[in-house]
Amino acid sequence: VVSRIPPGKVMTYGQISDVLNNVCSARYVGYAMRAAPGGRGLPCHRVVNKAGEMAGGAKFGGAANQRRMLEDEGVTFTPRGSIDMDACLFNPWE
């Protein structure tokens, strides 16, 4: 599912859980994203929470680096600093 998120778009942990027919919770999707090895072409940085906030902790080199990665791909942010979910949320069902 994550490998199909195009540049400039994001998905939420809950969306991915829904696509997987809820075989795991959004929380487990988050665990999987944190555990995924970097550098393997899996765009885990495109998976965010439903509020459009960056991952906590040091994943992706910190929140500022994750934001830069997303901005470089064309993801836009609101003045409050969260992702513009109306513009950037990927709908895999379309």
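The values are calculated or read from the model by the stated rules, or taken from the named source; none is laboratory data. Because the structure is a prediction, the values reported are computed rather than measured. Quick reminder, even Gly has a Cβ in these numbers, built from the backbone with ideal geometry, and neighbours come from all protein chains shown.
Here are a few things to note about the model shown:
- Considering the chain, the qualifying helices (runs of 4 or more DSSP H), each wholly inside and each with 1 or more residues that are in contact with a Gly (Cβ under 6 Å, 6 or more places away or on another chain), run over 13-19, 26-35, 85-88.
- Meets criteria (among the basic types (Lys, Arg), loosely packed, with under 14 Cβ neighbours inside 10 Å and without any contact (Cβ under 8 Å) to a residue 60 or more places away in the chain) for Arg27: yes
To keep it simple, each residue is scored yes or no on (1) among the acidic types (Asp, Glu); (2) at pLDDT 90 or above.
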position: Gly41; (1), (2): no, no
position: His45; (1), (2): no, yes
position: Asn49; (1), (2): no, yes
position: Leu70; (1), (2): no, yes
position: Met85; (1), (2): no, yes
position: Phe90; (1), (2): no, yes
position: Glu94; (1), (2): yes, no
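- Positions within the range 41-94 being of a type in the set (A, V, I, L, M) and surrounded by fewer than 13 Cβ atoms within 10 Å (Cβ to Cβ), in sequence order: Ala51, Ala58, Ala64
- Among the residues listed as Ile16, Ile5, the single one being touching a residue at least 60 places away in the same chain (Cβ under 8 Å) and surrounded by 14 or more Cβ atoms within 10 Å (Cβ to Cβ): Ile5
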